[in-house]
1. Which cross-chain or sequence-distant (5 or more) residues have an amide H under 5 Å from the amide H of Leu41, H modelled 1.01 Å from N in plane?
2. For the range 9-137, which semi-axes, largest first and in whole Å, follow from the square roots of 5 times the eigenvalues of its Cα gyration tensor?
3. Please list 3J(HN,Hα) in residue order for the range 79-92, calculated via the Karplus relation 6.51 cos²θ - 1.76 cosθ + 1.60 where θ = phi - 60°; whole Hz, with x for glycine and proline.
4. Pairing the Cα long axis of helix 203-215 with the longest principal axis of the chain, what angle in degrees results, from 0 to 90 and rounded to the nearest 10?
5. Taking 0.36 nm per residue of sequence separation and subtracting the Cα-Cα distance, how much length would be gained by fully extending the chain between Thr73 and Ser37, in nm to one decimal?
6. Kirkwood hydrodynamic radius of the range 225-323 from all distinct Cα pairs, in Å?
7. For labels at Ser305 and Lys157 in the simple 7 Å Cα→Cβ model, what's the distance in nm?
8. Run the simple label-point estimate for Ala320 and Lys147 please: 7 Å along Cα→C-beta, distance reported in nm.
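Since every read-out is calculated from the coordinates, none of them should be taken as a lab result. These figures come from a predicted structure and were not determined experimentally. Positions of Cβ are backbone-derived with ideal geometry, glycine not excepted, and every protein chain shown enters the neighbour counts.
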Amino acid sequence: MPRILTEQLQKMLALTSPTGKLGDAVLNAILSHNLASPNELVLLTSSPTDLPRFEPFKQKGIQVRPFNYDHPTPESFKGCEKLFLISSTHIQRDFNNAPDGQGRDRHHIDAIDAAVKAGVKHIYYTSLAFHSSSKAGVMRAHLRTEKYLQDLEKQGKVAYTIIREGLYNESWGLYLGYYDIKGDAERDEIIVAGDGKVSWTSIPDLGVGNAVILTAPSEDYAGQTLYLSTGKESAKTLKEVAEVVGSARGRKLGVKVVGEREHVEYYVGRGIDRSAVEWWVGTYESLKKGETLIEDGTLERLLESQGVKPKRADETIRAAFNG
């Protein structure tokens, strides 16, 4: 193989879930800010690789390869030095207190093993911006995956960077009692099992932050656990989010804090799957403990390096009602 091609392959970056919200934002940030050459990028997707949506990327020189969390193979990662591993969306695997190695962490571990076997040197994993000691069900698979990567690094098998992504501005409705703009127009009170400040962070801003990290020299972030969240000055409680929603819709919206059992039964009564609610309800205890108020300027510094100002949660909420 010619030397120039060999060097190119060694620099290649694989991106999972490029059509998902975060994956799309990261890919767009890399390209729009010219952070990497298109011919250094590999998009890994569970969708058919010949879909028209991928054609513009292929024309730029970006490779599109098949990847499936259920059956990851080393071939997907061949020739890639770095892997951006976005966590599995199959949250139902985590329900009912899935044992170690049987929740979404099974998907992550299998993908990591396939990547290491293919020769990937550095894996960047998207975790969530909760504490390392969090008991929230949503963090269970993340923490197990983090530990697996840390163990592999100790064995000298792969470098890692754990990126604890800020709670999305765009997901405010999920935290605010599964609030639906169209279906909950007459809803006047939100039942939740706890409240606390959240450092809400927009997906496009996370796209830029992740893109800068991924395209920096590997040694800049190897072995680190990073928090990407906006600062505390823009954080909001669920009550404060409800106030913005009330203003945006022209009808006040209140928040009532109840116990976890009452929360579960209330939302099961509203038609939400019991296993899903029981998995999710522990999130509110984390909010109460202050886990989601992140005092870390990493994201602001990364955004500033690209001339980007963070988008506030209230902007996102009002835009959702105006859209």
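1. Hits under the 5 Å cutoff: Leu13, Gln63.
2. Working: eigenvalues 137, 49, 43 Å².
In descending order the semi-axes read 26, 16, 15 Å.
3. x, 9, 8, 10, 9, 9, 9, 7, 4, 4, 8, 7, 5, 4
4. 30
5. Details: separation 36, 0.36 × 36 = 12.96 nm, distance 2.52 nm.
Extending this stretch completely gives an extra 10.4 nm.
6. 16.0
7. 2.9
8. The answer from the label model is 3.3 nm.
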